[in-house]
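The values are calculated or read from the model by the stated rules, or taken from the named source; none is laboratory data. None of these values were measured; they are calculated from a predicted model. FYI the Cβ positions are ideal-geometry reconstructions off the backbone, even for glycines, and counts take in every protein chain you see.
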Amino acid sequence: MGSSEVRMKSGFSALTGLAFLVGGVRAVESGTALPVTILKVEFKAVPGLIYNRLGDSVLNVSSPAGTQSVKLSGTPYPADRQYWAQLVPVRLKLSLPTGSYSVMLRAKLFVCDKRRGLCSVQTREQRFQVSAGRVNRVTLTAPTLPLNP
């Protein structure tokens, strides 16, 4: 290995270390280094209910970091592809400083009673605590239709 290769490699290492140091200081000074907070929302199926794919089922998540909206999707219902048999879990990142926070979930769901052939738009709300810097899990149960006997 020639002396120019040694100088180039050691120069690269010095520049990499300097960039890391400067980037680290900048992140601390600006306060942007927040812990990664994950929210995983699962949907518990209710026997006899399916979800209409043509309706815009939406999950709104309100936290101190703001509100995020996610259009929901699901696994196809085998008897009719116009419906979902189950909703797919949603995974969101929240930008929260260290601590514990109250979060509000609001789901607008287009649910159908497959036995009776009736559909309705239902809202499900749930408040819970999340811990910043962790994976937080919550399960929402679909509302039952008032049309069920």
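Counting only strands (runs of 3 or more DSSP E) that sit completely within the stretch 39-108, zero hold 1 or more residues that are in the same structural domain as V135 (by TED's automatic domain parsing) and of a type in the set (D, E). Apart from one condition, R106 fits all of (1) surrounded by 14 or more Cβ atoms within 10 Å (Cβ to Cβ); (2) more than 16 Å from V41 (Cβ to Cβ); (3) of a type in the set (K, R); the exception is (2). Within the stretch 86-99, residues that are among the hydrophobic types (A, V, I, L, M, F, W, C) reach partners that are not in a strand (DSSP E or B) with beta carbons closer than 6 Å, at six or more positions or on different chains, in the pairs L87/L72; V88/S73; L94/A65; L96/A65; L96/A132.
When every residue of the stretch 2-24 is checked against the conditions, at least one turns out to be in a loop (DSSP other than H, G, I, E, B), modelled with pLDDT under 95 and farther than 25 Å from A132 by Cα.
Matching residues to (1) out of contact with any Lys or Arg (no Cβ under 9 Å at 6 or more places or on another chain); (2) among the small types (G, A, S); (3) surrounded by 16 or more Cβ atoms within 10 Å (Cβ to Cβ); (4) farther than 21 Å from L54 by Cα:
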residue: S73; (1), (2), (3), (4): no, yes, no, no
residue: W84; (1), (2), (3), (4): no, no, yes, no
residue: P89; (1), (2), (3), (4): no, no, no, no
residue: C112; (1), (2), (3), (4): yes, no, yes, no
residue: L118; (1), (2), (3), (4): yes, no, no, no
residue: Q126; (1), (2), (3), (4): no, no, no, yes
residue: G133; (1), (2), (3), (4): yes, yes, no, yes
residue: N136; (1), (2), (3), (4): no, no, yes, yes
residue: T141; (1), (2), (3), (4): no, no, no, no
